[in-house]
Structure formats: C-alpha cells, structure tokens
Amino acid sequence: MLYSEKVMDHFSNPRNVGEIENADGIGEVGNAKCGDIMKMYLKIDDGVITDVKFKTFGCGAAIATSSIATEMVKGKTIDEALKLTNKAVVEALDGLPPVKLHCSVLAEQAMKSALSDYYRRQGIDPVPIVGEIGECEACH
C-alpha cells in the first residue's frame, strides 16, 4: 500500500497528540471491531478553537488523518471547523488508498462529535452534525 509523504510524516510525527484537561468539548468515534478509535479534545474561547488534541488507537492512516484534522481546525472558528470534510482531510494528506478512506471519515466525525459535545455543555441543542458511522472496508 502506497502512502503519500504527508501521510508518512503525520504518522511518524503526529501533531497535537494528547489530552486537554477541562476540555470544552470531547468527541469519541470509532469501532473496536475494526480497531480504529479516535478521541478529540477541544479548547474553545469566544467561538475560536484555541487548542485541539487527539488520541487515536488505530493504523497509520487513522493517526495521520487525526493529526492533520487537528492542524486544520486549530485557530479556526466553530463555523469553519464544522465545514471540515473527510475530502478536505484526504486532499491535505495528498490522498489516501481507497481502503483507508474510512479513516478520514472518522477524523471528520470525531471533530464534529467534539463540537456537538461543546454545544451540549453550553446548553445549546446541537444540530445533528454527526452522521452514522459506517463500517470500514476492513470490517467486511
């Protein structure tokens, strides 16, 4: 399986790994059966994501997509972060093998799950922004 240099870089040197104590939003998505579980932590001040960290249990592509997704939303507004798509994650990594595209979907959903959690904590009813998580190719 061929990975781009960017995927290899984010796998070898993932950015923003860890947890945020007293995070404003935490999202966890994944499937223990396929082995990819992502947890995202957000710190939000005045509607801007000032810090974001992740912990991912999974393959290299799962780690790389989590890493780049955190970089893509750090410093952005909530509205900008809500526009993060798995397609944008894949493009930022210069592509992913088809069998690993589900990892980019998980990265998008982990981010949106954390934003939903933030809304709930603020007492705002979150718009349903997290879709159902489909099975990944490896599970079939």
Rounded to the nearest 500, the 222 nm mean residue ellipticity computed for the chain from DSSP H runs (n ≥ 4, each -39500 (n - 2.57)) alone is -12000 deg cm²/dmol
Note on region 46-127: contact order normalised by length, alpha-carbon pairs under 8 Å, 6 or more apart, percent, works out to 29 percent
Quick calc, Glu19 & Asp79: beta-carbon distance into FRET formula, R0 22 Å, rounding 0.05, result 0.30
Candidates Asp79, Asp24, Asp46; GNM for the chain (alpha-carbon contacts under 10 Å) flags as most fluctuating Asp46
Between Ile124 and Val48, the two model label points (7 Å from Cα along the beta-carbon direction) sit apart by a distance in nm of 1.7 nm
Those GluC sites (Glu not before Pro) from region 29-135 that are DSSP loop and have at most 10 other Cβ neighbours within 10 Å turn out to be Glu132
Distance in nm between Lys55 and Lys6 label points, each 7 Å along Cα→Cβ, equals 2.8 nm
If unit charges are put on Cβ atoms (+1 for Lys and Arg, -1 for Asp and Glu) and the dipole of region 5-121 is taken about its Cα centre, the option from Ser66, Leu106, Ile49 lying farthest towards the positive end turns out to be Leu106
In the chain the DSSP beta bridges are antiparallel at a rate, in percent to nearest 5, of 95 percent
The size of the Cβ-based charge dipole (Lys, Arg +1; Asp, Glu -1) of region 5-121 about the Cα centre, to the nearest 20 debye, is 300 debye
Computed from the beta carbon distance with a Förster radius of 25 Å, FRET efficiency for Val99 and Glu71 to the nearest 0.05 stands at 0.55
Under a Gaussian network model of the chain whose springs join Cα atoms within less than 10 Å, the largest fluctuation of Lys76, Lys33, Lys100 belongs to Lys33
Here the membrane-span-like helices of the chain, with no claim about any membrane, defined by DSSP H, Cα axial extent at least 18 Å and mean Kyte-Doolittle at least -1.0, are 60-73, 101-121
At the level of C-alpha centres, the distance separating region 90-123 and region 44-59, in angstrom, is 11 Å
GNM of the chain, Cα pairs under 10 angstrom: of Lys53, Lys87, Lys112, the biggest fluctuation goes to Lys87
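The numbers here are math on the coordinates, done by the rules we state, and not lab data. Bear in mind that the values here come from a model prediction, so they are computed numbers and not experimental data. Every residue, glycine among them, receives a Cβ derived from its backbone with ideal geometry; neighbour counts consider all protein chains shown.
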